[in-house]
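Below is one structure, written out as structure tokens, with a few remarks after it.
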Amino acid sequence: MDHSVSRRKVENLVSAGSHQARKLARRFSLKRLVRNVWPSKRRKGVRRFVDPSIGREGLFRTLNDRNVKYVVLRWFENVPEWPEGEDIDLLIDVDDLHLVDDLFVTNSREIPCDVYGTGPAKNACWKGLSYYPPYLAEQIVQSRTLYRDLCYIPDEDHYFLSLAYHALYHKGSASGLPWDDNDAARKSSKQQSDHDYADRLKAAAPAKFIDTSMTMKGLECLLTSQSWNPPVDTLRRYASLRPELAQFLPPPIENKDGELIVVLFRQSAVDNHILEEAISLFRQKHRLEVVGQHELSTESAKLASKHIRGGNWDEGPFPQSGGLPAVALALFDYHPVEPTPAEKEQYPYIQNRRVLFKKEIRRLQNKRLPKSQWNNCVHSSDDELEGLEYLEIIDPSFHAEVQTQLSYLRRNYKTPEPVIRSLRKPANRSKTELVEWNGQEAVRKTFRPSFKRFCDREIFIYQTLGPKLETVPELLDFDEYSFVLPKYENCLASLSLRKQGKLLKPYANQVIELLRATFALERAIIDFHPGNLILTPGGDLYFVDFEFAQPIPDWPSSFMQSPDLVGLPPGFSGDRPSNLPENGYSYDDFWKPIFQCSLEELIQQCDVDPTFAAEQSLSIADLPSGGNSDSRLRQAG
């Protein structure tokens, strides 16, 4: 039975149950019940009511007198007359919203008015989003023209485009628009809607848009051609409210070959100096590759803030805002982790649960701040599709650089042969897989390009010692970042160290022979322990995993002082496994309990001259020695 799979299933069930419990607790909370019984008189949402003493006409003239930058979005054709039962829809520059508060009252519901800001603002948003993406909302207001010497409205093009956007994305199928031309032809009567949007759009269409199909697909095509379609993250929010809009979403990018994650550090993260610590966390804990880093200028930060997150960069659930995006970090995850059902329910578009590390980064910063200063210091893409769009918005040249690097990483990490199964959990540096190689089963170990030096070390040992020692496998194949070894059945796998020791006790000569050979090469294996040995059912022993085998300064003159026998010298600064003790492993740590004798006794049993040096000839002929040995690598692929 696979206990890890069972444990994961239990964790998923517990996570899903906890999520549902939290939802029910929120739904039936005392606070919510009290709010339903005694509603607050505080204004919430976009709906206002115009002071009846000034009326609609007075409202427009007062806005003009105060130089408020606004437009009436629609249904203004007959002003000062107004359609009965119709509310006024105002789009107001977000910086001018404070100039209109006194024009509305709470003791009359005679003249309804919906007030939207050109950017995110409390009580001036739609479903937590800017009514139109800020860059489009600003265009609408900037295009305004005075209508009938009374109110400002969008110009002809922007009126039509804003009405099409409203009908398609805000209303969806509730607009009454047919899905496409075939759907329109099939319907004998129009769907019920508060307005006949198809006829309204036809009447409003400028000459250049007159041939537009007034259907949902036709409008989506038109808005996309005019760069009026919402960004992916915004469209996904719309689709959660209007499921029929999901058909306009571009397909997600499969992450079987890894996934791009784009992290946007907001200004507070820069001010509180957490970038380096966060990047270290990404690399060490989450095993992510940093593909690129880009600091946003003031202008690019403003541009990004108007296109990303629906334009909403306010404080959210925190006491303060984290500010605008300041630094974009492109990360690559070689091995994405599937989210739990509860996580998928809460974040429908994530494919990799590691994107939720943003919660960890927020805690990392906020634990250093007074609670009154807590803020959301980081935002991340839900998936690669969003991430690529973020980069394109921030800087097209940075986007191109990241795309090039992603192609390079994927191409060099992809396994060229059919993979039978993974032989171990993907590590920080590499993956090891059982593959079909030239008609036989073999083992391919592939390294991430940034860890090429580890691959080089292994290839050097196999290439150099494989033809000389029966206990070192010979390479079947290798390239820049990977190599192929024969497949061996390992009797030591899954055994305890004590049981491994019983099986390995007769192989003292082979262990010493390997250590003498690497000593002659002036290489310390460093990570030399029984877990890196293979013992076949036929009794053949093989040594593998030489990725830490490296030269050490001031190489000892005597084999008895080999770093793999006595431990690493003080101050060693080379590559080492994360769990390696400060002084490394010595003979006493692993091999003395197995061979049950001291090092001196073992050397005597194996008939080895304890005083021989690396320069002396060994029974292994023609071994290269010294620091230039790496030059022999990759001479014949």
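A few notes on this one:
- Qualifying residues in segment 485-508 (those that are open to solvent by 50 Å² or more (accessible area, probe 1.4 Å) and in contact with an Asp or Glu (Cβ under 9 Å, 6 or more places away or on another chain)) - the one nearest to residue 434 (Cα to Cα): 487
- Lone unmet requirement of (1) part of a loop (DSSP other than H, G, I, E, B); (2) surrounded by fewer than 19 Cβ atoms within 10 Å (Cβ to Cβ); (3) touching a residue at least 12 places away in the same chain (Cβ under 8 Å) for residue 548: (2)
- In segment 471-484, residue farthest from the chain's Cα centre (by Cα) [restricted to those that are open to solvent by 20 Å² or more (accessible area, probe 1.4 Å) and touching a residue at least 40 places away in the same chain (Cβ under 8 Å)]: 477
- Checking each residue of segment 413-421 against the condition of being at pLDDT 95 or above and in a helix (DSSP H, G or I) gives at least one match.
- Which numbered condition residue 216 fails, given (1) under 28 Å from residue 94 (Cα atoms); (2) at pLDDT 95 or above; (3) in contact with a Phe, Trp or Tyr (Cβ under 6 Å, 6 or more places away or on another chain): (1)
- Among the residues making up segment 117-136, none is out of contact with any helix residue (DSSP H, G or I) (no Cβ under 8 Å at 6 or more places or on another chain) and either surrounded by 22 or more Cβ atoms within 10 Å (Cβ to Cβ) or of a type in the set (A, V, I, L, M) (or both).
- Yes/no for residue 402 being open to solvent by 30 Å² or more (accessible area, probe 1.4 Å) and hydrophobic (A, V, I, L, M, F, W, C): no
- Residues that are open to solvent by 50 Å² or more (accessible area, probe 1.4 Å) and among the polar types (S, T, N, Q), drawn from segment 352-394: 372, 373
- Number of residues in segment 61-76 that are open to solvent by 60 Å² or more (accessible area, probe 1.4 Å) and in a helix (DSSP H, G or I) equals 2.
Yes or no, residue by residue, for (1) without any contact (Cβ under 8 Å) to a residue 24 or more places away in the chain; (2) within 16 Å of residue 88 (Cβ to Cβ); (3) in contact with a Gly (Cβ under 8 Å, 6 or more places away or on another chain):
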position	(1), (2), (3)
108	no, yes, no
115	no, yes, no
119	no, no, yes
129	no, no, yes
145	yes, no, no
154	no, yes, no
158	yes, no, no
163	no, yes, no
172	no, no, no
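- Checked against the criterion of being part of a helix (DSSP H, G or I) and among the small types (Gly, Ala, Ser), the candidates 58, 85 yield just one match: 58.
- You will find that of 141, 79, the residue that is β-branched (Val, Ile, Thr), assigned to a helix (DSSP H, G or I) and either within 25 Å of residue 200 (Cα to Cα) or open to solvent by less than 20 Å² (accessible area, probe 1.4 Å) (or both) is 141 and no other.
- Only listed residue being open to solvent by 10 Å² or more (accessible area, probe 1.4 Å), at pLDDT 95 or above and either of a type in the set (Lys, Arg) or closer than 18 Å to residue 257 by Cβ (or both), chosen from 407, 397: 407
- Test result for residue 591, assigned to a helix (DSSP H, G or I) and under 24 Å from residue 458 (Cβ atoms): yes
- Segment 339-376: number of residues that are β-branched (Val, Ile, Thr) and part of a loop (DSSP other than H, G, I, E, B): 2
- Some residue of segment 89-111 being at pLDDT below 95 and closer than 27 Å to residue 214 by Cα: no
- Any hit, segment 447-457, residues being at pLDDT 95 or above, buried (at least 21 other Cβ atoms within 10 Å of the Cβ) and assigned to a strand (DSSP E or B): yes
- All positions within segment 574-583 that are closer than 24 Å to residue 520 by Cβ and either touching a residue at least 60 places away in the same chain (Cβ under 8 Å) or open to solvent by 20 Å² or more (accessible area, probe 1.4 Å) (or both): 574, 575, 576, 583
- Of the set (1) part of a helix (DSSP H, G or I); (2) within 18 Å of residue 492 (Cα to Cα); (3) modelled with pLDDT of 95 or more, all apply to residue 534 but (1).
The values are calculated or read from the model by the stated rules, or taken from the named source; none is laboratory data. The shown structure was predicted, so the numbers you read here are calculated from the model rather than taken from an experiment. With ideal geometry, Cβ positions are generated from the backbone for all residues, glycine too; neighbour counts draw on all protein chains shown. The accessibility values were calculated without ligands, DNA or RNA, using every heavy atom of the protein model including side chains. Shrake-Rupley method; radii C 1.70, N 1.55, O 1.52, S 1.80 Å.
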